[in-house]
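**Student:** Before I ask anything, here is the structure I am working with.
Read the figures in this text as sums done on the coordinates, not as results from a lab. None of these values were measured; they are calculated from a predicted model. Cβ atoms come from the backbone with ideal geometry, glycine included; neighbour counts cover every protein chain shown.
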Amino acid sequence: MKRFGLSMVLAFASVVAFGQAEVPSYATQQEYEFSKNLGGIIDPLILNDRVSVTWSSNGVGALYRWETAHGEWEWKFANCITGNVVRAFDHSALASALRDAEVRNAQEKRLNLQVIFFDSALLSMEFSLGQNRWEWRDREKKLTKLPASERPGQQRRGNISPDGKWRIETKDFNLRLVAMDGSSEIALTEDGKQTDFFASALWSPDSSKVLAMRRKPGDRKDMYRITVRTADDVRPSLTRQPYDLPGDKLDADRWVLIDIPSGKVTDVQAREMDFPWDRRVFWSADSRYFVYYDLHRGYQQVDVNKVSASDGSVASLLSDSSKTFVDPNNFKVERSPDGKSLYWLSERSGWNQIYKIDCDSGKIDQLTDGKFVVNSYQFPPGASGDMLVEISGRESGNPYNSYWYRLDQKSKKLSLLTPGDGHHTASVSPDGRWVFDAYSRPDFPFQYSIRDASNGKEKVSMGACDASAFLKAGFEFPKPYITKDRDGKFDIYGLAWVPSKRASRGKLPVIEYIYAGPHGHHTPTSFAPYSRNQMIAEMGFYVYQVDGRGTNGRGKAFQDYSYQNLGDAGLPDHMKWAKEFTEIIPEMDLTQGVGIYGYSAGGYDSTRALIAHPDYYKAAVSLCGNHDHRTDKVWWNELWMGYPITDAYKEQSNIENAAKIEGDLLVIAGLDDDNVNPFAGTMQLVDALVKADKRFDMKLLPGRNHNLGGWYVDRMIIDHFLRHFQRKRDGMSP
């Protein structure tokens, strides 16, 4: 692969050099092959871009694999006490032992192990290789093939009480209590029926009570897909899938408490929950109460309630509300390690922050405060109440970059553990003493180290990703750029991918990749030298991606712009970014208009661009798009577009506005897509386009799911833009 990759680089360089005087007016088969095999071409040019660690069981350090050449590795051990890095075990002896055990391709420099457990004191480890699991004892040079392990809980049946005496089962819409020794079976409920049944049960820690969920089913309507043929039948068949849509009547749930000794059933004195997802429940350690959170339909309110186990009375611990949405992607409730408190991520201040709630007193204590976003947190063992917190936007630079901090809950002081300008991913040792830090930027390869989790001091410098061969071959890192949004209020961040050897190519057309789903931010923040955007760029384009207003990760005011406004998709911010970026790379030719492509919500966005901004966007590829928010899954669309259904749904429907589409559109869908139904989305759009007498192209892919994937689809995207921008394939006119 390495020899093939380098030869392709050299061959492609000659093609580019040949066309220095004038950009070729066609794409050659050689160009297609280069783009198709780009991952394999780039891979040998990058060393150590995906390093991870396995912590030693005794907490002394970490085992990791280090790439010494393409396809060759050395396993190293980083000792956090001494700061030294040594070879972890005898590679030659292990390779020889594996060959003796009939793993014939085992080589000293190519031990591609999946390490599960490592003990640095005993110099032993467990790993998987192929379909088998092994133990290696390095001192004894002993290799043992381990038996296949049972899955945890494989022999357990039903919902078993903590004391192991009872099991809860559902039967005929009701709950039954069954003795584990088979001596008795008792009906706990008798009034359940098809229209009002018992759906689940959760034991209290002392096994004296059961918290049951009672459910009234909603519409529970179905969607259908067509399977063209299967291995067993040449006949096309229908697949039916339960699929709730915005505005449908949903399941409604309520809590019921059952006292096991007496059999008494008590209704919890709370509202009927109208949004049947994410039923997070915590029992208190002493079984006196339980806590649950209730997300209201429409996402404009979420409550965390405390319920007395003795009488079902309810007390509110907290409530968040918003005129737009309370985003469950940001909201989070977790129980403290001692079970006495809750930790709550909330945007009530406008920024996602940590709050601590005492479950007995109801007191709320805000632990972090600032114009930054808390993404996650954890409680390392032995941390004396301190927390490790992942935060973006607190340090200077790109506000999407995450850093890790130690939070002293008493003083509320945040101490930076992972310095360095970039996006940091971290792994904490099981004893909480050490943090493995890997940080990078799209234009800066990974740096690796292990740091003291108490103060951030570097204990082991592990090295860096080596991309020198990548640059020497004529490739470039993506280009970051920052500008202001359309109103001059917020900074807008984006990236541009450029073709290799671009100095010899002259002015080239421009393509935008879009995914504007408000649940996240999507422009890459870490080093990733290979991507579909780079693949498209190599075919003679500049490609860019931007997170405009309405996406996540920048505070509530930034994200709120998406509310009942998905049709905006941040496109005015994207256009402004690209126009300004051409001052840095004037070879980006916007005079021909811009092409745009996207998947799923991005498929909606790319089509929307031809409706809202046809003067700028001239060609689009829409892949598995959800083109009308009334025909896509209830939870995602009601979150952003609101409930009850308003005229905004219709106004922002690509299907309703198909007659306004101008430009060169290609729609692609997988007929087995169980995420965005192809007949409710793409085919309804196609129907509207035909009725509006619009020209367009369509590719329907039998057997493909939401993840269309593969070179065939990539080539369809490339072909569409090549044809539009007046290029042609060998033997095919545009």
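**Student:** Could you tell me which of GLN409, TYR439, PRO419 has its Cα farthest along the dipole of segment 372-466 towards the positive end, charges placed at Cβ (Lys, Arg +1; Asp, Glu -1), taken about the Cα centre?
**Tutor:** Final value for the positive-end residue is GLN409.
**Student:** Which shape class applies to segment 390-537: rounded if a/c is under 1.5, otherwise prolate when a/b exceeds b/c and oblate if not, where a ≥ b ≥ c are the square roots of the Cα gyration tensor eigenvalues?
**Tutor:** Judged from the Cα gyration tensor, segment 390-537 comes out oblate (a/c at least 1.5, b/c at or above a/b).
**Student:** For ASP206, put the label point 7 Å out on the Cα→Cβ axis and report which residues of segment 246-261 keep their amide N under 19 Å from it.
**Tutor:** Backbone N within reach: 257-261.
**Student:** Under 17 Å from the 7 Å Cα→Cβ point of ASP408, by amide nitrogen: which residues of segment 357-378?
**Tutor:** Within reach of a label on ASP408: 367-369.
**Student:** What whole-number distance in Å separates the alpha-carbon centres of segment 73-94 and segment 270-331?
**Tutor:** About 49 Å separates the Cα centre of segment 73-94 from the one of segment 270-331.
**Student:** Nearest 0.05, what FRET efficiency do ASP452 and ASN132 give at R0 = 45 Å with Cβ-Cβ as r?
**Tutor:** 0.75
**Student:** Full extension from ASP191 to SER468: what is 0.36 nm times the residue separation minus their Cα-Cα distance, to one decimal in nm?
**Tutor:** 92.6 nm
**Student:** Considering only C-alpha atoms, what is the centroid distance from segment 413-440 to segment 235-253, in Å?
**Tutor:** Rounded to whole Å, the Cα centres lie 43 Å apart.
**Student:** Calculate the dipole size of the chain relative to its Cα centre from +1 charges on Lys and Arg beta carbons and -1 charges on Asp and Glu beta carbons; express the result in debye to the nearest 20.
**Tutor:** Computed about the Cα centre, the dipole is about 880 debye.
**Student:** Are there chymotrypsin sites (Phe, Trp or Tyr not before Pro) in segment 347-419 that DSSP marks as loop and that have at most 15 other Cβ atoms within 10 Å, and which are they?
**Tutor:** Listed in order of number, the matching sites amount to none.
**Student:** Continuing with the same structure: Taking the dipole about the Cα centre of segment 527-622, with the C-beta of Lys and Arg at +1 and of Asp and Glu at -1, give me whichever of GLY550, ILE596, ALA612 is farthest to the positive side.
**Tutor:** After comparing all options, I get GLY550.
**Student:** By how many nm would the segment from LYS221 to ASP248 lengthen if fully extended, with 0.36 nm per residue of separation less the alpha-carbon distance?
**Tutor:** Separation in residues times 0.36 nm, less the Cα-Cα distance, equals 8.9 nm.
**Student:** If you don't mind, there's one more thing I want to ask. So, with +1 on the Cβ of K and R and -1 on the Cβ of D and E, and no other charges, what is the size of the charge dipole of segment 574-718 about its Cα centre, to the nearest 20 debye?
**Tutor:** For segment 574-718, the charge dipole is close to 200 debye.
**Student:** Another one. Once phi is turned into ³J(HN,Hα) by the Karplus curve 6.51 cos²θ - 1.76 cosθ + 1.60 with θ = phi - 60°, what whole-Hz value does each residue of segment 563-573 show in order, with x for glycine and proline?
**Tutor:** Running phi through 6.51 cos²θ - 1.76 cosθ + 1.60 with θ = phi - 60° gives 5, 6, 8, 4, x, 5, 6, x, 4, x, 5 Hz.
**Student:** What is the calculated FRET efficiency for GLU334 to LYS579, with r their C-beta to C-beta distance and R₀ = 35 Å, to the nearest 0.05?
**Tutor:** 0.20
**Student:** Return the Rg/Rh value of segment 53-146, two decimal places, where both radii are evaluated on C-alpha atoms and Rh is the Kirkwood radius.
**Tutor:** 0.94
**Student:** Residues with amide H under 5 Å of ILE116's amide H, sequence separation 5 or more or different chain, H placed in the peptide plane at 1.01 Å from N; which?
**Tutor:** GLU126, PHE127, SER128
**Student:** If you don't mind, another one. Of the labelled options [x] 151; [y] 202; [z] 269, which one gives volume of the Cα convex hull per residue in Å³ as computed for this structure?
**Tutor:** Matching entry in [x] 151; [y] 202; [z] 269: [y].
**Student:** Give me the extension gain from LYS142 to ASP693: residue separation times 0.36 nm, minus the current Cα-Cα distance, reported in nm with one decimal.
**Tutor:** In short, 191.0 nm is gained.
**Student:** For segment 626-641, take each phi angle, set θ = phi - 60°, evaluate the Karplus expression 6.51 cos²θ - 1.76 cosθ + 1.60, and give the result in whole Hz per residue in order, putting x for glycine and proline.
**Tutor:** Karplus-based 3J(HN,Hα) across segment 626-641 equals 9, 7, 9, 6, 7, 10, 10, 3, 5, 5, 6, 7, 5, 4, 9, 9 Hz.
**Student:** Taking R0 as 22 Å, what's the FRET efficiency between SER376 and LEU416 from their Cβ-Cβ distance, rounded to 0.05?
**Tutor:** With a Förster radius of 22 Å, E is 0.85.
**Student:** DSSP loop trypsin sites (Lys or Arg not before Pro) in segment 201-291 with at most 13 other Cβ atoms within 10 Å of their Cβ, which ones?
**Tutor:** Sparse-neighbourhood loop trypsin sites (Lys or Arg not before Pro): ARG220, LYS221, ARG229, LYS249, LYS264, ARG271.
**Student:** A follow-up question, please. Within 10 Å of each residue's Cβ, count the other Cβ atoms and sort TYR439, TYR289 from fewest upward.
**Tutor:** TYR289, TYR439
**Student:** If you don't mind, there's one more thing I want to ask. Could you please rank LYS633, LYS371, placing first whichever residue has the fewest other Cβ atoms within 10 Å of its Cβ?
**Tutor:** LYS371, LYS633
**Student:** Sticking with this structure for a sec: Given a cut-off of under 8 Å on Cα pairs at least six residues apart, what relative contact order in percent is computed for segment 484-614?
**Tutor:** The normalised contact order for segment 484-614 reaches 34 percent.
**Student:** So, one more: Can you give the helix-only mean residue ellipticity at 222 nm for the chain, where every DSSP H stretch with n ≥ 4 adds -39500 (n - 2.57) and the sum goes over all residues, rounded to the nearest 500 deg cm²/dmol?
**Tutor:** Roughly -4500 deg cm²/dmol at 222 nm, from the helical runs in the chain.
**Student:** Report, in whole Å, the centroid distance computed from the Cα atoms of segment 167-192 and segment 706-721.
**Tutor:** 53 Å
**Student:** So which trypsin sites (Lys or Arg not before Pro) in segment 647-702 are both in a DSSP loop and have at most 11 other Cβ atoms within 10 Å of their Cβ?
**Tutor:** The qualifying sites are ARG695.
**Student:** If I take every Cα pair under 8 Å that is 6 or more residues apart in the chain, average their sequence separation and divide by the length, what percent do I get for the relative contact order?
**Tutor:** 10 percent
**Student:** Show me, for segment 473-489, the HN-Hα J-couplings you get by feeding each phi into the Karplus relation (A = 6.51, B = -1.76, C = 1.60, θ = phi - 60°), rounded to Hz, glycine and proline as x.
**Tutor:** With the stated coefficients, segment 473-489 comes to 6, x, 7, 10, 6, x, 9, x, 8, 10, 9, 8, 5, 4, 9, x, 9 Hz.
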